[in-house]
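The values are calculated or read from the model by the stated rules, or taken from the named source; none is laboratory data. Everything numeric here is computed off the predicted structure, so don't read it as measured data. Neighbour counts run over all protein chains shown; Cβ positions are idealised from the backbone, glycine included. Just so you know, the surface numbers come from the protein's heavy atoms only, side chains and all, with ligands and any DNA or RNA stripped out. Shrake-Rupley method; radii C 1.70, N 1.55, O 1.52, S 1.80 Å.
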Amino acid sequence: MLEHKPIALESEAGFRVLFRCATIGILVVNEKGIIELSNPCAEKLFGYEPAELIGNPVEILIPENLRPHHTHHREGYFLKPKARPMGLRMELYGRKKDGDVFPVEISLGHYELEGEKLAVAFVTDITAQIKAKQLMAEREAWFRNMADNSPFMVWVSGANMLCTYVNKTWLDYTGRVIEQELGSGWTEGIHPDDLTHYLKTYHDACVARQSFFIEFRLRRKDGQYRWIEYVGKPTFSDNVFSGFIGSCSDIHDQRMMKEELELLVKYRTTELYEALEREKEMNELKSRFVSMASHEFRTPLSIVLSSTTLIEQYGAGENDEKIQKHLVRIKSSINNLTNILNDFLSLDRLEQGNVEIEQNAFDIPEFLNEVVEDVQFLRKKGQAINLVQKGENLVVLDQKKLRYILVNLLSNSVKYSPADSKIEVVSENREKSVVISVRDHGIGIPEDEQKHLFSKFFRAKNTGNVQGTGLGLTIVKRYVELMHGHIEFASKTGVGTTFTIELPKG
Amino acid sequence: MKTVLIIEDNEEIRENTCEFLELSGFNVISSQNGKEGVAAAAHTRPDVIVCDILMPGINGYDVIRQLKNNPLTSGIPFIYLTASGEKNDISTAMKMGANGYIRKPFEMRNLIAEIRKVC
């Protein structure tokens, strides 16, 4: 290891080096206040030439208005000299050669040389620090002004998680003074039920140095706990975490409105659900009623029908013709009642979606003849039903439903056509569909009522006292649609009506 | 002469139906409920059974089930009489082995036609 010989800085030469190279101004002043020594830094600080200061009173370096005070303090210092900063809690100023006054910091020392007391002043120009301080103060004032005029409540906390600032808006809201809010005092205003959640959220955010958002209830100056939205963002100074800055706003009314709205929606949804349930129940009841009514209708109808059949068997003797006529009417009424009942049931089944297509192969001409036979009893005197069939005889369709459709259309034609009129049924078995039209020369359907033709219980005004429920065509249309077909009609009052159905083949 | 067993709880319908069938040349036996009907079927072995579906006590479905489970009666043709408008009821009845059904109110001639179809 090499031997190190320290530089002899304690020698006069060494101290001279320190004196000359120091970056702080050094002045040595005697008891009379005369500058004995000054270093280059001090000369530069006060704007003097080298050695220019020596022999001059130190007061030339003091602003004129402060010189009397300085003389007094200088004399007092020499009475009890000690190393200390000068002018504690005072603002000190120096005066340059050109008259410029600038802020300084001065530390004093003392020594005795050849029986003479000397004071050493270490002088620093603190203009930059003062300016920086002023700038910071201006910025802080600007921030406080902004914050105090903000409609939002603003808060600041330090790295120790304690509140260091709340703005005027906050204080106006809580009705408290700043001293009550600083530190953790402001948390007294948090609703007891929300405090734990807030503290945890804030603590976690502090640990993670992350922004956070929370809603909790804060006590307003009128004592009411109100919901507020509280946001915090971490702050850093030279990359070191320095706390949080945040804002909050009163969202109580919006939150209450939202909760009310949610309650209302829930209530309405419940109401709607209950209404739907009631509707469902009503529909079920209705179906059950229809089912029950069906049974109740059918039983007495069976009795009546069987009785009349028996009367027919026994009828003999006087008034046979009248008995027969009445018997026919009774049976006809029974059949009508049965048809009404069947129509109601069919419609109910259609509306419940309980009807299916049942296809089978059948001979069209034979089928049409059966249908015509079914309506024979309705025919008026001289009415003729002509059948025309084109195309192949065999077809696959839902024969039962087609029978209902055609019996209904033909029945209507017969009912609403005069005696001695013709009714034409034309059936065409095409490649992909069957088209059947029923044409009469009856009373026709008034034009302004045609749009209601397929509506439930609709009877045109010109039907008079011709029997009908207004359900037949409704069911016809539903059956046609169920079979994926379509139905059209053309009608003119006093001329007649033609219905045309087209059904795709199975 | 063919024998028909009528199982029907409604007195008027039962009597009218029996009367008409007798006039039409059938030998007729009747029961006013399902239980009696099942016993009568086993005892008399009719050529055809005509049975209502909706009856108090055991209904028409139970009757046909019991008849089908008894070798003595399982082969007897069975025709339903029904006042129900429900397609499901008829479908159920046919799946249980009925040979036909008549919906009330019915023309007697239709009943005769159904009976003649099966015996």
Legend entry - Odd one out for A:Ser332, checked against (1) part of a helix (DSSP H, G or I); (2) open to solvent by 50 Å² or more (accessible area, probe 1.4 Å); (3) at pLDDT below 90: (2)
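Table: residues versus (1) of a type in the set (Val, Ile, Thr); (2) modelled with pLDDT of 85 or more; (3) open to solvent by 40 Å² or more (accessible area, probe 1.4 Å).
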{"residue": "A:Glu36", "(1), (2), (3)": "no, yes, yes"}
{"residue": "A:Pro40", "(1), (2), (3)": "no, yes, yes"}
{"residue": "A:Phe46", "(1), (2), (3)": "no, yes, no"}
{"residue": "A:Glu52", "(1), (2), (3)": "no, yes, yes"}
{"residue": "A:Leu88", "(1), (2), (3)": "no, no, yes"}
Legend entry - Residue check for A:Lys200: closer than 30 Å to A:Asn160 by Cα, of a type in the set (D, E, K, R), assigned to a helix (DSSP H, G or I) and out of contact with any Cys (no Cβ under 7 Å at 6 or more places or on another chain): yes
Inset, instruction - Within segment B:110-118, identify whether any single residue is free of Cβ contacts under 8 Å to residues at least 40 places away in the same chain, open to solvent by 30 Å² or more (accessible area, probe 1.4 Å) and over 22 Å from A:Glu312 (Cβ atoms), and answer yes or no. - result: yes
Inset, instruction - Could you identify the single residue in A:Ala208, A:Ala137 that is open to solvent by 20 Å² or more (accessible area, probe 1.4 Å), among the hydrophobic types (A, V, I, L, M, F, W, C) and over 30 Å from A:Ile24 (Cα atoms)? - result: A:Ala208
Inset, instruction - With the condition kept exactly as written, say whether any residue in segment B:14-22 is of a type in the set (S, T, N, Q) and touching a strand residue (DSSP E or B) at 6+ places or on another chain (Cβ under 8 Å). - result: yes
Inset, instruction - Would you check if B:Thr73 is without any contact (Cβ under 8 Å) to a residue 40 or more places away in the chain, under 24 Å from A:Asp343 (Cα atoms) and hydroxyl-bearing (Ser, Thr, Tyr)? - result: no
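Residues checked against (1) within 20 Å of A:Met483 (Cα to Cα); (2) more than 14 Å from chain B (Cβ to nearest Cβ):
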{"position": "A:Tyr314", "(1), (2)": "no, no"}
{"position": "A:Ser332", "(1), (2)": "no, no"}
{"position": "A:Asn360", "(1), (2)": "yes, yes"}
{"position": "A:Val372", "(1), (2)": "no, yes"}
{"position": "A:Lys390", "(1), (2)": "no, yes"}
Inset, instruction - Can you confirm whether segment A:116-124 contains a residue that is within 23 Å of A:Pro103 (Cβ to Cβ), surrounded by 12 or more Cβ atoms within 10 Å (Cβ to Cβ) and of a type in the set (S, T, N, Q)? - result: yes
Inset, instruction - Take segment A:171-197 and flag every residue that is in a loop (DSSP other than H, G, I, E, B) and over 33 Å from the mean Cα position of the chain (by Cα). - result: A:Gly175, A:Arg176, A:Val177, A:Leu182, A:Ser184
Inset, instruction - Kindly indicate which of B:Val48, B:Val38 is within 12 Å of the chain's Cα centre (by Cα), open to solvent by less than 20 Å² (accessible area, probe 1.4 Å) and away from every other protein chain (no Cβ under 14 Å). - result: B:Val48
Inset, instruction - For segment A:253-264, indicate whether the set of residues that are assigned to a helix (DSSP H, G or I), modelled with pLDDT under 95 and closer than 30 Å to A:Phe344 by Cα is non-empty. - result: no
Inset, instruction - Might you let me know whether segment A:150-170 holds any residue that is in contact with a Leu (Cβ under 9 Å, 6 or more places away or on another chain), among the β-branched types (Val, Ile, Thr) and assigned to a loop (DSSP other than H, G, I, E, B)? - result: no
Legend entry - Flag for B:Leu23 being more than 10 Å from chain A (Cβ to nearest Cβ), open to solvent by 50 Å² or more (accessible area, probe 1.4 Å), aliphatic (A, V, I, L, M) and over 13 Å from the mean Cα position of the chain (by Cα): no
